[in-house]
Amino acid sequence: MSWPSEMPESVRGTRARGTEGGFAVVPCVDVQGGCAVRLTEGDPTRETVYYPDPVAAGRHWLGLGARELHVVDLDAALGAGDNRGAIEALAALAAEHGARVEVGGGVRSLEVADAWLARVQRVVLGTVAVTDPALVASLVARYGPERIVVSVDARDGRVAVRGWVETSAVEATELARRMAALGVRELIYTDVSRDGTLQGVDPEPVARVRAAFPHRLIAGGGVATDADLDLYERLGLDGAIVGRALYEGTVRYPRTA
Ligand code: AMZ
């Protein structure tokens, strides 16, 4: 593996922080039943459809200058089919705009990861970080840490898996440490109980993960206003993935400093 855990803290810190210049705000396109949606607290029955076609959602954010899109196949995460065709079309559009795409949801085998990584820049791994860490390590070894992102989605401090239907016994901070030791260099941390609620950010859990993971850390949700983005930035995060607040227009996009 190219990132031994014995690497001195100072080197890891330098390498990990600020390498991509500034705090990133990444629009999220969640896909369920072929539509671009947002769920409330990840509950598939509490769905708001924002665009009937994910490509239209992508066109909107790319048209506003997005350099990166975070795309989730919710049906695949929930084990209820998939939206591969629609997401491939969205990825093709992003490529035309020179924008980077990361895809998560149902990436739980080498074959699925290989298929996505032939089409998009990065995959996002959730469930397998808990159930199959050896797969995470082999993907990092095969593709390099810049193409493998791990999503730590927590409910009351414990990691939620399989479409957030199950809550594992593993603590978010413990998983963050384990992933760093495996060579993972970017995490997305999501507070499941705030996702899609426009309640605003609870700084404590994310600050604990910040302390546990000395590399690139992105907040996966919970943003309601520009003040939440400022708070994440002050906590030392490298960016935030924003869904409902962007679709509802409660945060500015693009964000100017
Ligand atoms: O909203 C949900 N119920 C949900 C969701 N957004 N469930 C999973 N996910 C996302 C995770 C991560 O990006 O945030 O799916 C990905 C993980 O999927 P998997 O299949 O690897 O656990």
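At-a-glance table
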| read-out | value |
| --- | --- |
| Some residue of region 72-90 being polar (S, T, N, Q) and either closer than 30 Å to residue 230 by Cβ or under 17 Å from the mean Cα position of the chain (by Cα) (or both) | no |
| Members of region 37-78 that are more than 19 Å from residue 126 (Cβ to Cβ), assigned to a loop (DSSP other than H, G, I, E, B) and not aliphatic (A, V, I, L, M) | 52, 53, 65, 67 |
| Pairs with Cβ under 6 Å, 6+ apart, first in region 213-224 and over 11 Å from residue 190 (Cα atoms) and touching a residue at least 40 places away in the same chain (Cβ under 8 Å), second charged (D, E, K, R) and part of a strand (DSSP E or B) | 216/186 |
| Test: residue in region 140-151 that is in contact with an Asp or Glu (Cβ under 6 Å, 6 or more places away or on another chain) and modelled with pLDDT of 95 or more | yes |
| Unmet requirement for residue 237, which otherwise passes all of (1) more than 16 Å from residue 23 (Cα to Cα); (2) under 16 Å from the mean Cα position of the chain (by Cα); (3) away from the ligand (no atom under 15 Å from the Cβ) | (1) |
| Candidates 135, 175 - the one that is farther than 17 Å from residue 189 by Cα, at pLDDT 95 or above and within 15 Å of the ligand (Cβ to nearest atom) | 135 |
| Residue in region 100-112 that is crowded, with 19+ Cβ neighbours inside 10 Å and in a helix (DSSP H, G or I) present | no |
| Any hit, region 59-73, residues being buried (at least 20 other Cβ atoms within 10 Å of the Cβ), within 22 Å of residue 119 (Cβ to Cβ) and aromatic (Phe, Trp, Tyr) | yes |
| So residue 184, is it aliphatic (A, V, I, L, M) and within 10 Å of the ligand (Cβ to nearest atom) | no |
| Region 110-121 residues that are more than 17 Å from residue 86 (Cβ to Cβ), paired with ones that are among the acidic types (Asp, Glu) and buried (at least 16 other Cβ atoms within 10 Å of the Cβ) (beta carbon under 9 Å, 6 or more apart) | 121/68; 121/102 |
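The values are calculated or read from the model by the stated rules, or taken from the named source; none is laboratory data. Just so we're clear, the structure is a prediction, and the values are computed from it rather than from any experiment. Backbone-built Cβ (ideal geometry, glycine too); neighbour counts: all protein chains shown.
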